[in-house]
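A.B. asks: Sharing a structure with you now.
The values are calculated or read from the model by the stated rules, or taken from the named source; none is laboratory data. Given the structure is predicted, the values throughout are model-derived calculations rather than measurements. Note that each Cβ is placed from the backbone with ideal geometry, even for glycine, and that neighbours are counted across all protein chains shown. SASA here: full protein model, heavy atoms, side chains in, ligands and nucleic acids out. Shrake-Rupley method; radii C 1.70, N 1.55, O 1.52, S 1.80 Å.
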Amino acid sequence: AGAVEGQGLRKREGRGAAVPPRPPSCAPPDAVVWPQSVGQVQELAALCYRCRVPMVPFGTGTGLEGGVNAVQGGVCFDLSRMDAIAELSLEDFSVAVEPGVTRKALNSHLRGTGLWFPVDPGADASLCGMAATGASGTNAVRYGTMRPNVLNLRVVLPDGRLLYTAGPGRQPRKRAAGYDLTSLFVGSEGTLGFLTQATLRLHPLPEAAAVTTAAFPSVRAAVACTVQVLQAAVPVARIEFLDEVMVGACSRFSKMELPVAATLLLELHGSRHGLAEQQRQTEEIVQLNGGSGLAWAEEPEERGRLWAMRHSAWYAALALRPGCQGYSTDVCVPISRLPDVVVETKRDLQDSGLTGPMVGHIGDGNFHCLLIFDTQDPDETQRVHAFAQRLGRRALAAGGTCTGEHGVGLGKRGLLLEELGQEGLDTLRSIKAALDPHNLMNPGKVL
């Protein structure tokens, strides 16, 4: 704290709203602290608050919209050393985790209990960071996003006070007691306070699981198949979409042989008896929509190999242009509009001369473009930025959102006004001002 007070304070002199922030691509903090307890977070936050120093929460740094860039300097709170797993209740299907606990670490801790935490954004992210960004992932179509899976949050407010969003020690499955403070902080992206503990909803492990790939003659056929699977009430756990560019890249990178076509990865969870009926239903629907190549994998090793291929999509995309870098952007639209939006997006990519394979959680209308470009080429960099803006607006025009799971961060602040309208944005600013009147928590993000 002394080092912070002596060097990093500067009391934001010359750092008012009129001073341009540092470039998002290079915005380090003035100081980094590694608190090891909630009391230390409170003490450090109170010190920064008194001296009007910006504070930036940091979990594992896997966010995709610049959320941990210190655009106004200040102090980065690296919370990775707070890694306690507490209050595990097998009967209540709940557990409390600190910010240093990642989803893989939690599921390893749960091994042998018959329970797991299914929200899977791909990266081994901090669970509190996942709550802060409202993360989602491949299992959301069945198990939901972070929002319904967070029961309570322990939050250190900007001035150091401690808040339990559902009350101290409480973890009810439902409640009607006042405003939903937990949901307010889920997705707040570090702009309202530090999430120092999250009480999470756990789920029983399925008795059996099976995964398959299916190739389709068109994007429209793949989407139609998805809708019909959902309408048939098949309890599908994952439905992932890869366009033909992404399939080709993943096949080469992961050394697998898949047809270069619009492809679905489908995973079913259930009892051993029920799984056979679900597979039969799924096969019929796939074939009705022109799908082919069905071959079910039920052994953990083979299922893991297929999902490792899917989770390596980012690296497979980068391998399309060695030496280049990538930018991932996401949108989410109603499923009925997904085929048109995907087709228009592919046409836009071709017209722009950009490399941008697509992958998505098609069961809830969420897809990503992985844009691979030469950062040393100003023209291509500008085309990538312009494309991302058009994609966001295309999703809004289709009744969707500019971000399904990545968050707003730095990259999508301009689109937030278009999505929520002036009244919505003013309401967000009022909430921010009430909880953080000096704009110290992760300033320059979201709003």
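A.B. asks: Out of all the residues in region 190-205, is one or more open to solvent by 30 Å² or more (accessible area, probe 1.4 Å) and in a loop (DSSP other than H, G, I, E, B)?
C.D. replies: yes
A.B. asks: Could you list, in sequence order, the residues of region 367-400 that are assigned to a helix (DSSP H, G or I) and either in the same structural domain as Ala313 (by the TED database) or without any contact (Cβ under 8 Å) to a residue 24 or more places away in the chain (or both)?
C.D. replies: Hits for region 367-400 are Pro378, Asp379, Thr381, Gln382, His385, Leu396, Ala397.
A.B. asks: Could you check Ser183 against (1) in contact (Cβ under 8 Å) with a residue 40 or more places away in the chain; (2) open to solvent by 10 Å² or more (accessible area, probe 1.4 Å) and say which number it fails?
C.D. replies: (1)
A.B. asks: Still on this model: Which condition from (1) assigned to a loop (DSSP other than H, G, I, E, B); (2) open to solvent by 20 Å² or more (accessible area, probe 1.4 Å); (3) at pLDDT 95 or above; (4) under 19 Å from His438 (Cα atoms) is the one that Arg81 breaks?
C.D. replies: In the conditions (1) assigned to a loop (DSSP other than H, G, I, E, B); (2) open to solvent by 20 Å² or more (accessible area, probe 1.4 Å); (3) at pLDDT 95 or above; (4) under 19 Å from His438 (Cα atoms), Arg81 misses (4) alone.
A.B. asks: From the list Ala215, Ala224, Ala316, pick out the single residue that is open to solvent by 20 Å² or more (accessible area, probe 1.4 Å) and more than 30 Å from Arg173 (Cα to Cα).
C.D. replies: Of Ala215, Ala224, Ala316, the one residue that is open to solvent by 20 Å² or more (accessible area, probe 1.4 Å) and more than 30 Å from Arg173 (Cα to Cα) is Ala224.
A.B. asks: Name the single residue, out of those in region 146-180 being among the basic types (Lys, Arg) and without any contact (Cβ under 8 Å) to a residue 24 or more places away in the chain, that is most open to solvent (accessible area, probe 1.4 Å).
C.D. replies: So the residue we want is Lys174.
A.B. asks: Could you tell me which residue of region 376-393 is farthest from Val341 (Cα to Cα), considering only residues that are surrounded by 13 or more Cβ atoms within 10 Å (Cβ to Cβ) and among the charged types (D, E, K, R)?
C.D. replies: Top of the filtered list is Glu380.
A.B. asks: Here's something else I'd like to know. Which residue pairs have Cβ atoms under 9 Å apart, sit 6 or more places apart or on different chains, and have a first residue in region 68-79 that is closer than 21 Å to Thr196 by Cβ and a second that is among the acidic types (Asp, Glu) and assigned to a loop (DSSP other than H, G, I, E, B)?
C.D. replies: Ala70/Asp30; Gly74/Asp30; Val75/Asp30; Cys76/Asp30; Leu79/Glu98
A.B. asks: Just a yes or no: is a residue in region 271-281 surrounded by 20 or more Cβ atoms within 10 Å (Cβ to Cβ), touching a residue at least 12 places away in the same chain (Cβ under 8 Å), at negative phi and not assigned by the TED database to the domain that holds Asn152?
C.D. replies: Yes.
A.B. asks: Please go through (1) within 16 Å of Ala215 (Cα to Cα); (2) out of contact with any Ser or Thr (no Cβ under 6 Å at 6 or more places or on another chain); (3) not in a strand (DSSP E or B) for Glu267 and return the number of the only condition it doesn't satisfy.
C.D. replies: (3)
A.B. asks: Can you find even one residue in region 328-337 that is within 24 Å of Ala123 (Cβ to Cβ), of a type in the set (S, T, N, Q), at pLDDT below 95 and open to solvent by 50 Å² or more (accessible area, probe 1.4 Å)?
C.D. replies: Scanning region 328-337, I find no residue that is within 24 Å of Ala123 (Cβ to Cβ), of a type in the set (S, T, N, Q), at pLDDT below 95 and open to solvent by 50 Å² or more (accessible area, probe 1.4 Å), so the answer is no.
A.B. asks: Pairs needed: first member in region 43-65, modelled with pLDDT of 95 or more; second member anywhere, of a type in the set (Phe, Trp, Tyr); C-beta distance under 7 Å; at least 6 residues apart or different chains.
C.D. replies: Leu44/Phe77; Ala45/Phe194; Met55/Phe77; Val56/Phe77; Pro57/Phe77; Pro57/Phe194; Phe58/Phe77
A.B. asks: Also: In region 244-252, is there at least one residue being in contact (Cβ under 8 Å) with a residue 60 or more places away in the chain and open to solvent by 10 Å² or more (accessible area, probe 1.4 Å)?
C.D. replies: Yes, the conditions are met somewhere in region 244-252.
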